[in-house]
1. Which one of these is within 30 Å of A:R307 (Cβ to Cβ), open to solvent by 30 Å² or more (accessible area, probe 1.4 Å) and part of a helix (DSSP H, G or I): B:R391, B:R396, B:R432?
2. Give the range A:147-189 a look and list any residue that's open to solvent by 60 Å² or more (accessible area, probe 1.4 Å), more than 14 Å from every other protein chain (Cβ to nearest Cβ) and of a type outside the set (S, T, Y), or say none.
3. Does any residue in the range B:473-489 that is more than 15 Å from A:L284 (Cβ to Cβ) come within less than 7 Å, Cβ to Cβ, of a residue that is in a loop (DSSP other than H, G, I, E, B) and away from ligand 1 (no atom under 16 Å from the Cβ) six or more places away or on a different chain, and which pairs are these?
4. Counting only residues that are touching a Lys or Arg at 6+ places or on another chain (Cβ under 9 Å) and in a loop (DSSP other than H, G, I, E, B), which one in the range B:143-172 is farthest from B:G461 (Cα to Cα)?
5. If you take the residues of the range B:483-494 that are crowded, with 23+ Cβ neighbours inside 10 Å and in a loop (DSSP other than H, G, I, E, B), which of them is farthest from the chain's Cα centre (by Cα)?
6. Only one residue in B:A470, B:A448 is free of Cβ contacts under 8 Å to residues at least 60 places away in the same chain and crowded, with 20+ Cβ neighbours inside 10 Å, so which one is that?
7. So, B:A339, is that one buried (at least 19 other Cβ atoms within 10 Å of the Cβ) and without any contact (Cβ under 8 Å) to a residue 24 or more places away in the chain or not?
8. Does B:A493 count as among the aliphatic types (A, V, I, L, M), within 14 Å of chain A (Cβ to nearest Cβ) and touching a residue at least 60 places away in the same chain (Cβ under 8 Å)?
Amino acid sequence: MPKRHPLDVVIVGAGVVGAACAYYAARAGLRAAVVDRGPVAGGTTGAGEGNLLVSDKEAGPELDLALLSAGLWRDLAADLPEEIEYEPKGGLVIAPDETALKALRAFAEGQRAVGVEAVEAGPAELRELEPHLAPGRAGGFLYPQDAQVQPAQAAARLLAASGAELHLGEEVTAVLTAGGAVRGVRTTRRELAAPAVVNAAGTWGGRIAELAGTALPVLPRRGFVLVTEPLPRVVRHKVYAADYIADVASGSAALQSSAVVEGTPAGPVLIGATRERVGFDRSLSTEALRRLAGQAAALFPVLADARVLRAYHGFRPYLPDHLPAIGPDPRVPGLLHACGHEGAGIGLAPATGVLVAAALTGAEPPLPLHPFRPDRFPDPAAQPKETGR
Amino acid sequence: MPTSPSDLPGPGAQDAADHPEEGLADLAVVGAGPAGLAAAVTAAGFGLRVTLIDAGERPGGQFYRHPAPQLGAERPEALHHGWAAFAARERALRAHTASGRVTYLPGHHVWTVVPQDAAQDAPQDAAPAGDAAGRAPAAWVLHAVAGPEEHAVAVRARAVLLATGSYERQLPFPGWTLPGVVGAGGAQAMLKGGLVLPGRRVVVAGSGPLLLAVAGSLASAGARVPAVVEAAAYTGYAPALPALLRNPAKLAEGAVYGGALLRHGVRLLTRHAVTEAHGTDRVEAVTVARLDADWRPLPGTARRIPCDAVAVGHGLVPQLELATGLGCATRRAADGTAALDLDALQRTSVPGIWSAGETGGIAGAQPALVEGEIAAHAVAGRPVPAALVRRRARLRAFADAMGRAHRPGEGWTGWLRDDTDVCRCEEVPAGRIREAVADLGAGDARTAKLLTRAGMGWCQGRMCGPAVAALAGEEQAPDRRPLSCPVPMRLLAGLPPADG
Ligand SMILES: Cc1cc2nc3c(=O)[nH]c(=O)nc-3n(C[C@H](O)[C@H](O)[C@H](O)COP(=O)(O)OP(=O)(O)OC[C@H]3O[C@@H](n4cnc5c(N)ncnc54)[C@H](O)[C@@H]3O)c2cc1C
Ligand SMILES: Cc1cc2nc3c(=O)[nH]c(=O)nc-3n(C[C@H](O)[C@H](O)[C@H](O)COP(=O)(O)OP(=O)(O)OC[C@H]3O[C@@H](n4cnc5c(N)ncnc54)[C@H](O)[C@@H]3O)c2cc1C
């Protein structure tokens, strides 16, 4: 057993967010340990699709985070092994009719004002950008900053590059405190002492907050993804219909969907994802499959005859106002949160890591943390409770 | 609410309207192998309305596989033990189909089974299926892809029996992707179904009693079998001798195989494995090495055996995805595979879902027949004859003893080189999986798959699943594939919509 140096921080969760926190903490000169009850990327990260989108976010704090991340991902692509499959392929948002196009124009206008590149494409240009797209669409917008990574690889390579001490297959069972301040964690195998603990437990972040004696109302939001057989290059960008944007901002518990369709380097086309709040229900929803398939075939009629090889699902970590919790928790000194990124955690991971590292070292954060403060929610006793894995 | 097949929108609608399977069956049986076939005809005999659905074109499943009639085989039974048991049930199936008691749907692959309310109302909130009080839903919907045109068929039934059998366990070795290397079960299937030999000089290798059967069939059909290479030691059965002695049929079967092998001069090498296949365009020879008790190849024991084909298999794995999709509980069987956890009445942990045959653990065709009959009694609410229960206990005890003996030892990964492709679909070599485990934190097969793509291809890990799990240091988890076969997008898009 090698002699262990004292730790500066323990990060709970080896998903992409915990990995990014470890990476930027290490870059800031901190000694970090990462603990996960499962393997690397065994949580929602392993079920995510790897879209790094600015296109679906309206001007506001989440878009600021996404823009910061977009730049960081470009840098990471240069620093990390190519296995992370970073691909700046661009997103294409389709407006089926004139009404939708008008709404999309106004939406894009707001985004441009804060630095998003958005290029309007008429029907002819759409055909040029995506030759297999169904005809008759009013128009759309191309977002060159949208990109993609392979989420599990990204998490694994960030962690490897961080040099952080890894404790996998160990559940955190207690957050240790002394005089109200955090002093480490207890796992199923050991105690890890550190003056700071980062809660990067994703959908299970509410539990870690509870262990630390506070509360964070993270809830699961299920999503299904369809994967087709390998196909020749049918889809070139990340393509989705404009109504998807409305879904992301929705707080409705009902199933909503608007398929993001994209090709992968290996050939399969990915179609995802639905959004519904059904707790941790793992059963197959044929309704989700029906909607995803219908929307994909409506966008790309050639996909109707493609075979779907598999379907999978995951549980996005979401907070009631659809913004993550990032930064120190004023209620428990030494506790920081980095969770609740819902359907954008892959994309937002680097910016989250940079903000957490800044908070740990006392550096000036590149963005105001205020919108993401973890204590912004009303009294936890009033919150509905969902548990499970 | 449209749920009968004739209401299905999309290309399948017209075809489905011609099918007689509308309405609600008392029992839907998935799989027409020994278990499903026996269950279907027994249940029909009790007056139940049964729909029997099978991906294959002819009844019989893996064991009673037989040539298409147009091949004009004179005596398909020549390749089968217990052909009479099958023939009687096939006759019964024909009679029940004619009388309309059984609706038999060959060439239909069921891709999922869902409770009917889930098919209607989304979102729904039940995992596992069945309600909180443990009651079965009123009906189940089985979605299938049918025929070469791949149209949609939905079958509704009050109860479901999953008799989906097994598939062959493959443990890779260098050279296993060469033409001429075939699955042992596959070779047997080719022989039974099309009367084709995989080669003229065929080494039979791997582990399990199937190898003897395969070698016997190959030899009888005219192939030279230079050796049967068995990784386990049959002495492993010795502790199970009592079980063996209570199984006269098994003994007879063994004697038949053994006799055939002796007659054809086949050598049986126990505690040996094919650790490499050689050749450029096709296999030309294999390296065979001695193994220790953990299946680790012993240095200095390698030798070459020339051949033009290798029939290899390491036992069978229960095919569980429909069951796991429903949330049915599993258990670890003696042979290391995951099998369904069933009670004395062949019930799964999900009310309304029964299972029989190899889904409940690899055991062979005879217990499959027995369990199919027991399940049919249970579904029909009839008392189960004690003789059936006794036979099942005896046959299962024997199967467990056999399973323990042939359970792969941990050392087998020792014959994998880093450049040996483990996942053939995605061409992922063992070295990449080892790297993911050692350097990238993949502590389980799922993460190894996410980090390497092993198991993401066409076969969805049926071929490489056991190997990837072993390299990740795990026992193979129960299969989880929400879609049990590829489904055309248009079929999914054409599913009946939820209300609203
Ligand atoms: C279907 C689907 C598609 C998606 N597509 C995209 C997309 O295209 N782009 C995008 O940006 N995002 C996408 N997302 C969202 C994204 O996957 C998540 O936001 C992101 O993975 C969250 O990462 P995380 O690290 O916070 O959580 P996780 O990856 O879930 O990591 C949390 C970790 O904490 C561990 N943990 C929990 N409790 C404990 C404990 N007590 N002790 C130890 N360890 C613990 C868990 O084991 C887990 O590994 C998608 C999500 C889904 C479900
Ligand atoms: C490749 C192979 C070769 C074998 N050869 C021999 C041999 O030579 N001698 C011997 O003693 N034993 C052999 N066995 C073992 C023997 O087949 C089993 O012991 C016996 O068949 C088990 O009966 P069963 O009814 O449980 O399953 P099976 O006979 O396997 O029947 C399962 C049936 O279910 C169908 N099915 C599965 N999933 C679906 C689905 N989703 N939708 C619709 N239909 C589905 C299959 O097409 C199949 O017809 C072999 C097994 C395999 C896999």
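1. Values: B:R391 fails: within 30 Å of A:R307 (Cβ to Cβ); B:R396 fails: within 30 Å of A:R307 (Cβ to Cβ).
Result of the check over B:R391, B:R396, B:R432: B:R432.
2. Of everything in the range A:147-189, those that are open to solvent by 60 Å² or more (accessible area, probe 1.4 Å), more than 14 Å from every other protein chain (Cβ to nearest Cβ) and of a type outside the set (S, T, Y) turn out to be A:G179, A:R183, A:R186.
3. As it stands, the answer is B:E475/B:G336; B:Q476/B:T337; B:P478/B:L320; B:P488/B:E150; B:M489/A:A306, since those pairs meet every condition given.
4. Ranking the candidates gives B:E150 first.
5. B:L483
6. On the way: B:A470 fails: free of Cβ contacts under 8 Å to residues at least 60 places away in the same chain.
Sole residue among the options that is free of Cβ contacts under 8 Å to residues at least 60 places away in the same chain and crowded, with 20+ Cβ neighbours inside 10 Å: B:A448.
7. Values: buried (at least 19 other Cβ atoms within 10 Å of the Cβ): yes; without any contact (Cβ under 8 Å) to a residue 24 or more places away in the chain: yes.
When the stated conditions are applied, B:A339 passes them.
8. On the way: among the aliphatic types (A, V, I, L, M): yes; within 14 Å of chain A (Cβ to nearest Cβ): yes; touching a residue at least 60 places away in the same chain (Cβ under 8 Å): yes.
Taking the combined requirement at face value, the residue satisfies it.
The values are calculated or read from the model by the stated rules, or taken from the named source; none is laboratory data. Only a predicted model underlies this, so the values are computations on that prediction, with no experimental measurement involved. Cβ atoms come from the backbone with ideal geometry, glycine included; neighbour counts cover every protein chain shown. Ligands, DNA and RNA are excluded from the accessible area calculation, which covers all protein heavy atoms including side chains. Shrake-Rupley method; radii C 1.70, N 1.55, O 1.52, S 1.80 Å.
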